[in-house]
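Since the structure comes first, as C-alpha cells, the remarks are kept for the end.
The values are calculated or read from the model by the stated rules, or taken from the named source; none is laboratory data. Treat the numbers as computed from the prediction; the structure is a model and nothing was measured. Positions of Cβ are backbone-derived with ideal geometry, glycine not excepted, and every protein chain shown enters the neighbour counts.
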C-alpha cells in the first residue's frame, strides 16, 4: 500500500479504513488491547469519572456491558497520524474519544494506536496513555 510518504498520503482513506478494521478485529478478541481499554474506560465512567463529551457520559446509562463497550468503540476518532519513514512503524494512527479541555493535551490522553509497516500492513494494535 504505502511504500513512501507521498503514496501513504494519497491513500489516507484506505489507511483509515484498515486502521478501523484492525481496531474492530482486536476488540473481537476478548482481553486484547482494545477490549481492555474499553473495559477500563467503562469502569471509570461507572465509578463517576466525568468526561466533557456528553455522548460518552450518556453511555453508562444504556444497555448491557457489551452494548456499552460497542457504543464506546463507535466513538473512537482519529486524533493523529504520524509518519516515520525511517522507522519500522512507518505510519502510526492514534485514536481516542475526542476533545477534553480539562486535559493538558486538549483531548483524552489515552489512545488506541494502530501501527503500519511501510507496505501498509497492520503491525500492531496497542494502547498508550
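Points to keep in mind about this one:
- Of all residues assigned to the range 50-59, none qualifies as being modelled with pLDDT of 90 or more and outside any helix (DSSP H, G or I).
- Residues being modelled with pLDDT of 75 or more and touching a helix residue (DSSP H, G or I) at 6+ places or on another chain (Cβ under 8 Å) - total across the range 1-42: 15
- Test: residue 45 is part of a helix (DSSP H, G or I), touching a helix residue (DSSP H, G or I) at 6+ places or on another chain (Cβ under 6 Å), free of Cβ contacts under 8 Å to residues at least 24 places away in the same chain and surrounded by 14 or more Cβ atoms within 10 Å (Cβ to Cβ): yes
- Any chance residue 56 is more than 18 Å from residue 22 (Cα to Cα) and over 17 Å from the mean Cα position of the chain (by Cα): no
- Single condition residue 75 does not satisfy, out of (1) surrounded by fewer than 19 Cβ atoms within 10 Å (Cβ to Cβ); (2) modelled with pLDDT of 90 or more: (2)
- Residue match in the range 62-69 (condition: under 14 Å from the mean Cα position of the chain (by Cα) and either loosely packed, with under 14 Cβ neighbours inside 10 Å or farther than 16 Å from residue 128 by Cα (or both)): yes
- Scanning the range 97-129 for residues that are closer than 19 Å to residue 56 by Cβ, at pLDDT 85 or above and crowded, with 18+ Cβ neighbours inside 10 Å returns 111, 112.
- If you go through the range 81-96 and keep only what is surrounded by fewer than 20 Cβ atoms within 10 Å (Cβ to Cβ) and without any contact (Cβ under 8 Å) to a residue 24 or more places away in the chain, you end up with 82, 84, 86, 87.
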